[in-house]
Amino acid sequence: MSRVLVLFAHPNLQSSRVHRRFMERVPVDLPGLTFHDLYEVYPRLDIDVAREQALAEAHDVLVFQHPFFWYSTPPILKQWQDLVLEHGWAYGSEGEALRGKRAMNVVSTGGSEKAYQPGGFNRFTVRQLLAPIEQTVRLCGMTYLPPYVIFGTHRLDPPDIEAEAGRYQRLLRSLHDDALELEPFLDADTLNAAVAGAAA
């Protein structure tokens, strides 16, 4: 069993159809799974570094969950990285607090999967655009898992959203239970196929 910390960031949650439903499907019954809404806890972006470092240390998997804002994260997640991942704690010759943990992004995009391909409208895959986060994770001695991506959210109707919410819940349960076959997917563009396989 792995302890999973979901670092959730959505600055306009009241307008979200997808992430609000996802929040309702978080399996809070699982011991060791923590859902941490950064904007709710820190509405003024005044991040408590010691608290966040203690939370990160207490978990095995860090999940950065957010909408894809200009090919990156909402501001508070960048603030979290800038403040929490301190030299001497997260990286550097003595920074080993996160070494051996795993990290990944759960991202929603308005664009389709086809749009996030070389030659597509956005020219790069989501994973390629998340390269700064992947390299940050690796610098801290963690294993980066491919992102789990919910594509085309603007065109999802309620049944589609419900199906996506079920897959999201399955992802969190599988990370918690160490039930995903990760090795074949470590170099993949997304973790979507691994989650689909877990349902088979």
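Number of residues in the stretch 83-98 that are in a loop (DSSP other than H, G, I, E, B), of a type outside the set (A, V, I, L, M, F, W, C) and surrounded by 12 or more Cβ atoms within 10 Å (Cβ to Cβ) equals 4. Filtering ASP29, ASP46 for residues that are assigned to a loop (DSSP other than H, G, I, E, B), modelled with pLDDT under 95, exposed (fewer than 13 other Cβ atoms within 10 Å of the Cβ) and among the acidic types (Asp, Glu) leaves a single hit, ASP29. Is there a residue in the stretch 50-62 that is closer than 22 Å to ALA165 by Cα and out of contact with any Cys (no Cβ under 7 Å at 6 or more places or on another chain)? Yes: the stretch 50-62 contains one or more residues that are closer than 22 Å to ALA165 by Cα and out of contact with any Cys (no Cβ under 7 Å at 6 or more places or on another chain).
For the stretch 156-178, taking the residues that are among the aliphatic types (A, V, I, L, M) and surrounded by fewer than 19 Cβ atoms within 10 Å (Cβ to Cβ), the one that is nearest to LEU30 (Cα to Cα) is identified as ALA163.
Just so you know, in the stretch 1-15 the residues that are without any contact (Cβ under 8 Å) to a residue 60 or more places away in the chain and over 16 Å from LEU55 (Cβ atoms) include one that is surrounded by the most Cβ atoms within 10 Å (Cβ to Cβ), and it is LEU13. Could you run through the stretch 92-134 and say how many residues are more than 20 Å from the chain's Cα centre (by Cα) and in contact (Cβ under 8 Å) with a residue 40 or more places away in the chain? Residues flagged as more than 20 Å from the chain's Cα centre (by Cα) and in contact (Cβ under 8 Å) with a residue 40 or more places away in the chain within the stretch 92-134 amount to 3.
Out of curiosity, is THR73 surrounded by 15 or more Cβ atoms within 10 Å (Cβ to Cβ), within 23 Å of ALA193 (Cβ to Cβ) and either touching a helix residue (DSSP H, G or I) at 6+ places or on another chain (Cβ under 7 Å) or in contact (Cβ under 8 Å) with a residue 60 or more places away in the chain (or both)? No, not satisfied. Of the listed requirements (1) under 24 Å from VAL84 (Cα atoms); (2) surrounded by 14 or more Cβ atoms within 10 Å (Cβ to Cβ); (3) more than 14 Å from the chain's Cα centre (by Cα), THR153 misses just one: (1). Here is a list of conditions, (1) farther than 24 Å from ALA194 by Cα; (2) in a loop (DSSP other than H, G, I, E, B); (3) of a type outside the set (A, V, I, L, M, F, W, C), and ARG51 meets all of them except one; can you say which number that is? In the conditions (1) farther than 24 Å from ALA194 by Cα; (2) in a loop (DSSP other than H, G, I, E, B); (3) of a type outside the set (A, V, I, L, M, F, W, C), ARG51 misses (2) alone.
Just to be sure, is PHE22 under 21 Å from VAL195 (Cβ atoms), touching a Phe, Trp or Tyr at 6+ places or on another chain (Cβ under 6 Å), among the aromatic types (Phe, Trp, Tyr) and not in a loop (DSSP other than H, G, I, E, B)? Answer is yes for this residue.
Every residue, every condition in (1) in a loop (DSSP other than H, G, I, E, B); (2) under 27 Å from ASP82 (Cβ atoms); (3) polar (S, T, N, Q), yes or no:
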| site | (1), (2), (3) |
| --- | --- |
| GLN117 | yes, no, yes |
| GLY120 | yes, no, no |
| ARG127 | no, yes, no |
| PRO132 | no, yes, no |
| GLN135 | no, yes, yes |
| ARG138 | no, yes, no |
| GLY141 | yes, yes, no |
| PRO146 | yes, yes, no |
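The values are calculated or read from the model by the stated rules, or taken from the named source; none is laboratory data. Remember, predicted model here, so these are calculated numbers, not experimental data. Note: ideal-geometry Cβ built from the backbone for every residue, glycine included; neighbour counts use all protein chains shown.
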